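Working notes, structure below.
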């Protein structure tokens with residue numbers, strides 16, 4: 001593999017790209033010519049063991065610039081060398097050794113799109129409550145699993161994946177059926193992504209309401225006006241049985257806010273809404289305007305607002321009841337992972353234990369590889385709403401874990417659902433109302449207090465973003481690695497290769513991947529791969545898509561340098 005030379009004085013406005021025979025300095029205000037990009041990509045591939053199946057090779061892009069866009073294969077993302085925390089030394093490719101290879105999934109948001117306890121009617125003011133692709137999430141998850149199995153090893157280490165970590169929002173609506181589908185996609189097995197009626201699609205996409213995408217109907221809804229196709233027989237294909245091959249790699253699960261509350265937002269203790277999950281009424285609001293106003297205000301301000309017992313659901317829209325839609329508690333979420341049917345490639349419980357179930361403690365440590373420990377945090381606040389924090393008990397537990405690791409010479413990779421910036425929810429946990437909540441800046445300070453933290457890996461924002469977190473000394477710096485969701489475009493996951501350069505530095509190679517689904521298919525193809533392809537295509541064309549989730553070049557495929565705390 002070709003060594004890369006060092007270019008000094010990299011600032012926030014410039015980046016280092018692996019170029020042929022050296023490094024190419026890229027201004028963040030500009031870009032690369034096609035010829036320069038090809039040269040950089042060739043050099044990137046020369047540094048890797050393999051780039052097949054990754055965005056180092058190719059990435060989904062729009063095939064046209066106006067109107068409804070079909071996807072095609074575009075040039076891969078180049079490898080960017082980031083020296084924010086440590087300098088890149090010449091010859092490190094020839095001396096580096098692999099310490100670990102990790103895959104991160106995040107924000108799969110497996111959805112029961114026919115559930116009566118969904119809030120699509122609020123989509124005009126809160127777009128995430130409806131997405132045109134959401135009925136196809138199980139097919140997409142299975143194709144992401146397939147891609148990980150195909151790649152099998154870290155692109156820059158050649159090391160078989162040590163683990164896959166799913167950093168929360170595994171389900172979308174805190175629903176047992178969604179959790180079952182998620183576990184089956186990860187572990188392998190048959191999935192029928194339908195609920196309620198066995199003969200009729202009862203979700204909003206068959207309602208004829210022009211607010212939503214109605215793929216089978218002739219109604220000229222706002223999506224068809226934008227070019228979305230009419231697809232006869234679409235929902236028969238959606239609910240047809242399909243099989244996930246399941247991961248070949250041990251995997252771990254992290255709790256997210258959508259795994260705890262209605263739409264990831266409304267506190268689970270709002271019994272007036274929770275009881276609608278398994279009933280026959282499709283929730284489209286309350287009968288009294290003041291109750292609807294209270295709900296909208298609570299969602300808008302993220303402050304609890306008592307609905308009162310006079311908050312009665314409008315019962316004009318009737319659906320088929322389904323007991324499998326029952327919402328689950330945090331303990332039930334963990335217990336489902338411990339069920340023998342959910343073992344898959346292991347480990348048993350995927351990080352959770354029976355003791356954790358009994359105590360409702362959803363944070364834990366796990367061995368990634370020799371000398372590298374993973375720390376899974378539970379950043380979800382049981383008081384509800386989207387943002388998170390840590391309770392004092394968990395905060396002190398983390399402190400003790402890190403301090404013990406310093407004594408043992410252990411390296412740490414931290415995993416959570418929330419980012420440091422989205423851990424700003426101080427509301428008391430209703431289970432422990434007197435317990436103080438600790439926010440993102442405090443967690444950053446805690447991670448800085450020891451030298452052994454390499455990275456904090458998270459999701460929640462649905463955006464690719466990699467940020468240096470420098471400490472008081474070079475060895476106290478770490479990287480915060482935030483990865484886009486798999487429900488909104490660009491629908492990517494991330495590989496993290498941890499390497500010792502044996503020159504006083506470590507390198508974290510981050511490589512984005514997409515699902516194994518093709519970029520473009522026939523609309524009458526009902527295969528799992530084809531439906532997962534439409535999942536990606538529809539997300540690219542979502543009326544609320546802005547491109548911001550993709551992040552910047554420095555947030556894609558990178559080599560992140562940092563001082564080796566053990567050197």
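The values are calculated or read from the model by the stated rules, or taken from the named source; none is laboratory data. Since this is a predicted model, take the numbers as computed values, not measurements. So basically every Cβ, Gly included, is an ideal-geometry build from the backbone, and we count neighbours across all protein chains shown.
Per-structure values
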{"item": "Residue within segment 430-452 that is in contact with a strand residue (DSSP E or B) (Cβ under 6 Å, 6 or more places away or on another chain) and farther than 21 Å from residue 257 by Cα present", "result": "yes"}
{"item": "Sole residue being without any contact (Cβ under 8 Å) to a residue 40 or more places away in the chain and either farther than 17 Å from residue 395 by Cα or in contact with a helix residue (DSSP H, G or I) (Cβ under 8 Å, 6 or more places away or on another chain) (or both), chosen from 455, 472", "result": "472"}
{"item": "Only one of 355, 321 that is closer than 30 Å to residue 145 by Cα, out of contact with any helix residue (DSSP H, G or I) (no Cβ under 9 Å at 6 or more places or on another chain) and modelled with pLDDT of 95 or more", "result": "355"}
{"item": "Hey, residue 466 in contact with a helix residue (DSSP H, G or I) (Cβ under 8 Å, 6 or more places away or on another chain) and either at pLDDT 95 or above or more than 27 Å from residue 111 (Cβ to Cβ) (or both) or not", "result": "yes"}
{"item": "Any chance residue 316 is over 24 Å from the mean Cα position of the chain (by Cα), assigned to a loop (DSSP other than H, G, I, E, B) and either exposed (fewer than 14 other Cβ atoms within 10 Å of the Cβ) or without any contact (Cβ under 8 Å) to a residue 12 or more places away in the chain (or both)", "result": "yes"}
{"item": "Some residue of segment 500-517 being crowded, with 18+ Cβ neighbours inside 10 Å, closer than 22 Å to residue 330 by Cβ and in contact (Cβ under 8 Å) with a residue 60 or more places away in the chain", "result": "no"}
{"item": "Residue 217 vs. criteria within 28 Å of the chain's Cα centre (by Cα), touching a residue at least 12 places away in the same chain (Cβ under 8 Å), farther than 23 Å from residue 324 by Cβ and surrounded by fewer than 21 Cβ atoms within 10 Å (Cβ to Cβ)", "result": "no"}
{"item": "Within segment 518-567, tally of residues that are farther than 20 Å from residue 64 by Cβ, assigned to a loop (DSSP other than H, G, I, E, B) and touching a helix residue (DSSP H, G or I) at 6+ places or on another chain (Cβ under 6 Å)", "result": "2"}
{"item": "Pairs, first farther than 11 Å from residue 442 by Cβ in segment 387-402, second in a helix (DSSP H, G or I), C-beta under 9 Å, six or more apart", "result": "387/257; 388/257; 388/440; 402/446; 402/447"}
{"item": "Residues of segment 243-267 that turn out to be under 20 Å from residue 531 (Cα atoms) and surrounded by fewer than 22 Cβ atoms within 10 Å (Cβ to Cβ), as a count", "result": "3"}
{"item": "Any hit, segment 7-16, residues being at pLDDT 50 or above, part of a strand (DSSP E or B) and surrounded by 13 or more Cβ atoms within 10 Å (Cβ to Cβ)", "result": "yes"}
{"item": "Residues of segment 358-387 that turn out to be touching a helix residue (DSSP H, G or I) at 6+ places or on another chain (Cβ under 9 Å) and within 11 Å of residue 413 (Cβ to Cβ), as a count", "result": "6"}
{"item": "Filter result (at pLDDT below 95 and assigned to a loop (DSSP other than H, G, I, E, B)) within segment 386-423", "result": "386, 387, 409"}
{"item": "Residue tally, condition under 20 Å from residue 260 (Cβ atoms) and at pLDDT below 80, over segment 276-299", "result": "3"}
{"item": "The lone exception for residue 331 - which of (1) more than 20 Å from the chain's Cα centre (by Cα); (2) in a loop (DSSP other than H, G, I, E, B) it fails", "result": "(2)"}
{"item": "Segment 165-182: number of residues that are under 29 Å from residue 101 (Cα atoms) and assigned to a helix (DSSP H, G or I)", "result": "5"}
{"item": "Flag for residue 180 being buried (at least 23 other Cβ atoms within 10 Å of the Cβ) and closer than 28 Å to residue 459 by Cα", "result": "no"}
{"item": "Any hit, segment 184-198, residues being touching a strand residue (DSSP E or B) at 6+ places or on another chain (Cβ under 9 Å), part of a loop (DSSP other than H, G, I, E, B) and modelled with pLDDT under 95", "result": "no"}
